[in-house]
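Student: The structure under discussion is supplied below as structure tokens; questions concerning it will follow.
The values are calculated or read from the model by the stated rules, or taken from the named source; none is laboratory data. All of these numbers come straight from a predicted model, not from anything done at the bench. Glycine gets a Cβ as well: all are built from the backbone with ideal geometry, and neighbour counts include every protein chain shown. Note: accessible area is taken over every heavy atom of the protein model, side chains too, but ligands, DNA and RNA are not part of it. Shrake-Rupley method; radii C 1.70, N 1.55, O 1.52, S 1.80 Å.
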Amino acid sequence: MSNEATTATTLTKNANLLAWVKEIATLTKPDQVVWCDGSEDEKRRLTALAVSDGTLIPLNQEKWPNCYYHRSNPNDVARVEQLTFICTPKKEEVGPLNNWMPPADAYAKLGAMFDGSMTGRTMYVVPYCMGPIGSPLSKIGIELTDSVYVALNMRIMTRMGKPALDMLGESNDFNRGLHSTLDCNPDRRFICHFPYDNTIWSVGSGYGGNVLLGKKCLALRIGSFLGKQEGWLAEHMLILGVESPEGETTYVAAAFPSACGKTNFAMMIPPKRFNGWKIWTVGDDISWMRVGPDGKLYAINPEAGYFGVAPGTSNASNPNAMKTVMKDTLFTNVALTKDGGVWWEGMDGEVPDELTDWQGRPWKKGSTEKAAHPNARFTAPAANNPALSFQADDPRGVPISAIIFGGRRATTVPLVMQSFSWLHGVFFGATLGSETTAAAVGQVGIVRRDPMAMLPFHGYDMGSYLGHWLEMQHSIPFPPKIFMVNWFRQDENGKFLWPGFGDNMRVLKWIVDRARGKVGAQETLLGWVPKDDDLDLTGLDISDEQLAKATRIDLGEWDRELSSSLEFFEKLGATVPEPLVLQAKILLARVKQATAVKH
Ligand code: OXD
Ligand code: MN
């Protein structure tokens, strides 16, 4: 342990931190404790170690410089919502949509698993900052982990090492994260959050969403809890800037459930028609938002990298992501090519004849099995993104003019709609529905309500969380406009009606123009929609009929949708804000009346 003493004291004198690390080391009994400083030298050392113990496989370094490959345990490839708990004194505090465990039980149960869990292993002390260093919107966390893979991922995903410790100084205000992989047994896998202690304990998994504790655990679950207490919002939203040919940039935040294309949208390249327009990525997954001195809502991206879904990423769907992952990237559960490269379903070019699949088995073209796991991931530094916003590191954040909610819906929800008011916009978010994807364990393709895309990530009672959203209106003198989009509507043969990807710029342009008051709109029963000809479709090969289907509001479908929203609110219980229930009832009454008139 002499190594610990020297590195720790040169990095920090924070007595609370040193005492806590000592306490955890006494519990977990690692062979050694290594403090991460975030240096390049340390990166080289940890990478070499991970390669030597088989955690990482180097890719062909000529084609994929500084890129490595990791295969996770096949039983450990996605977030485990059923094993994720919020631990508060009272069950009501976590609401009906979270799993609850009393804090004492959770500490006892997981404490027994942590007891001696690091014997024969190294405990890494990973200090990190969520958000730009020095920003009043940022938060410090320390993750103690026995996984070198986690330490290397955290280095990409956060501002990790000495700058985070320097920002913390002597303060005791930091998130205490503890992770041990144990034997990666699903029966001993738990992700527990203790919001009142600003603490996270995660055992038995090595999968990113369960173990990179800054991301879903701190930035969203604990973050949303802190946001409620402190008057800000922690959201599952990308942040992007839309720059016009005149050089005017409008910032937008957008919530889509996991694996619905947030990364693609955040890195979008506009089609030719939009020559001179540019999209700048601030973040692709998480947004922390707080009212600024000028009365606008300001957002930071707490992350410093992208933990993106690889399958489906290509030069057609997301050229900027392809450029981002060409170097300095860790790939997890993709397939390997014969020449030491990576491959996944949906990548450009010919499907290779032979691959090694995500489980290390030989794979041949034409196989019915997927070569890459559908939730295979890349961990890549934001700095590699050619579209990275120069504001991404701005401690003040960026002013948000529009908020977008979108789900994966084959029917009902039109291409784009603007809310009548803040309340109606919060209603859009509260009733967001989406078909399930591979990002979480469970059946894929079922529509589930995913309020604000936060169903798996809200850290306290959902009804109170929606109430917090409504209350925020009073503290934002110049609130963003709120929109709902759906890129995934299908025709009767299951074919997507809207081309999506770069062409989403056409919808985004309307949204930006609306946010700036530059274009009119058509009122419908359910929201404002683009007037004929206001969506710029020049150069797009889409028939009038197809567009009509993509933008259609079908009253029968909306009768069912609004009725199901009301049922959902009932499930949320007594804390769901009454104005949201009334909003649903007004819309439903109007739909029913219009249907009656039509008949
Ligand atoms: C993610 C997720 O990894 O939402 O971002 O699952
Ligand atoms: Mn996400």
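Student: Leaving out ligands, DNA and RNA, and with a 1.4 Å probe, what % of the accessible surface on the chain is carbon or sulfur? If you can, show how the numbers build up before the last one.
Tutor: Numbers: 12180 of 22960 Å².
Summing carbon and sulfur atoms, their accessible area is 53 percent of the total for the chain.
Student: Quick one: Karplus J couplings for segment 372-377, per residue in order, coefficients 6.51, -1.76, 1.60, θ = phi - 60°, nearest Hz, x for Gly and Pro?
Tutor: Going residue by residue, I get 9, 5, x, 9, 4, 10 Hz, with x marking Gly and Pro.
Student: So how far apart, in nm, are the two label points at Glu557 and Thr119 if each is 7 Å from Cα heading toward Cβ?
Tutor: So the two model labels end up 6.0 nm from each other.
Student: Show me the trypsin sites (Lys or Arg not before Pro) within segment 254-358 that DSSP assigns to loop and that have at most 16 other Cβ atoms within 10 Å of their Cβ.
Tutor: Lys327, Lys338
Student: Related question: Please tell me the relative contact order of segment 305-384 in percent, rounded to the nearest whole number, where contacts are Cα pairs under 8 Å and at least six residues apart.
Tutor: Worked out over segment 305-384, it gives 46 percent.
Student: Figure the gain on full extension for Lys162 and Arg448 (residue separation times 0.36 nm, minus the Cα-Cα span) and round it to one decimal in nm.
Tutor: Extending this stretch completely gives an extra 98.7 nm.
Student: Using a Cα-Cα cut-off of under 16 Å, which aspartates and glutamates could be cross-linked to Lys585, ignoring same-chain neighbours fewer than 8 residues away?
Tutor: The reachable aspartates and glutamates, counting only those whose Cα sits under 16 Å from Lys585, are Glu557, Asp559, Glu561, Glu567, Glu570.
Student: While we're on this one: Where does the Debye-calculated log10 I(q)/I(0) of segment 305-384 sit at q = 0.11, 0.13, 0.16 Å⁻¹, using only Cα point scatterers of equal weight, no solvent?
Tutor: -0.25, -0.35, -0.54
Student: Stretch Ser52-Ser244 to full length: gain in nm at 0.36 nm per residue minus the Cα-Cα span? If you can, show how the numbers build up before the last one.
Tutor: Values: separation 192, 0.36 × 192 = 69.12 nm, distance 4.93 nm.
The span from Ser52 to Ser244 would gain 64.2 nm if fully extended.
Student: Another question, if that's okay. Relative to the longest principal Cα axis of the chain, at what angle does helix 103-114 sit, 0 to 90 degrees, rounded to 10?
Tutor: Once rounded, one gets 50 degrees.
Student: Report, in debye and to the nearest 20, how large the dipole of segment 5-163 comes out about its Cα centre when Lys and Arg carry +1 and Asp and Glu carry -1 on their Cβ. Present the calculation step by step, with values, prior to reporting the outcome.
Tutor: Details: 17 positive and 16 negative charges, 52 e Å.
For segment 5-163, the charge dipole is close to 240 debye.
Student: If you wrap a convex hull around the C-alpha atoms of the chain and split its volume per residue, what is the figure in Å³? Could you put the intermediate results ahead of the total?
Tutor: Values: hull volume 90.4 nm³, N = 599.
Once divided by residue count, the hull of the chain is 151 Å³.
Student: If you don't mind, another one. Go ahead and collect, in residue order, the members of segment 124-160 whose backbone nitrogen is under 19 Å from a label point 7 Å along the Cα-Cβ direction of Gln61.
Tutor: Of the residues in segment 124-160, 152 have backbone N under 19 Å from the label point off Gln61.
Student: A follow-up question, please. Can you give me the accessible area per residue for the chain, using a 1.4 Å probe, in Å²?
Tutor: 38 Å²
Student: Continuing with the same structure: Students often get this wrong, so check it: of Lys272/Lys518; Lys228/Lys323; Lys278/Lys327; Lys278/Lys323; Lys90/Lys215, which have C-alpha atoms separated by over 27 Å?
Tutor: The pairs that break the limit, which is 27 Å between Cα atoms, are Lys228/Lys323.
Student: As a test of the formula, what do you get for the chain when each DSSP H run with n ≥ 4 contributes -39,500 (n - 2.57) and the sum is divided by the residue count, at 222 nm and rounded to the nearest 500 deg cm²/dmol?
Tutor: It comes out at -8500 deg cm²/dmol, rounded to the nearest 500.
Student: Tell me, what is the percent relative contact order of the chain, built from C-alpha pairs under 8 Å that lie six or more residues apart?
Tutor: 14 percent
Student: Charges only on Cβ, +1 for Lys and Arg, -1 for Asp and Glu: so what's the dipole of the chain about the Cα centre, in debye to the nearest 20?
Tutor: 240 debye
Student: Right, next: Can you say what percent of the DSSP beta bridges in segment 360-495, counting only those with both residues inside, are antiparallel? Round to 5.
Tutor: Of the beta bridges lying entirely in segment 360-495, close to 55 percent run antiparallel.
Student: Specify the longest stretch of the chain that does not include any exposed loop site, a site being one of the GluC sites (Glu not before Pro) with a non-H, G, I, E, B DSSP assignment and at most 13 other Cβ atoms within 10 Å. Before the final figure, lay out the partial values.
Tutor: Details: sites that count: Glu62, Glu170, Glu246, Glu248, Glu350, Glu369, Glu492.
Result, exposed sites excluded: 370-491.
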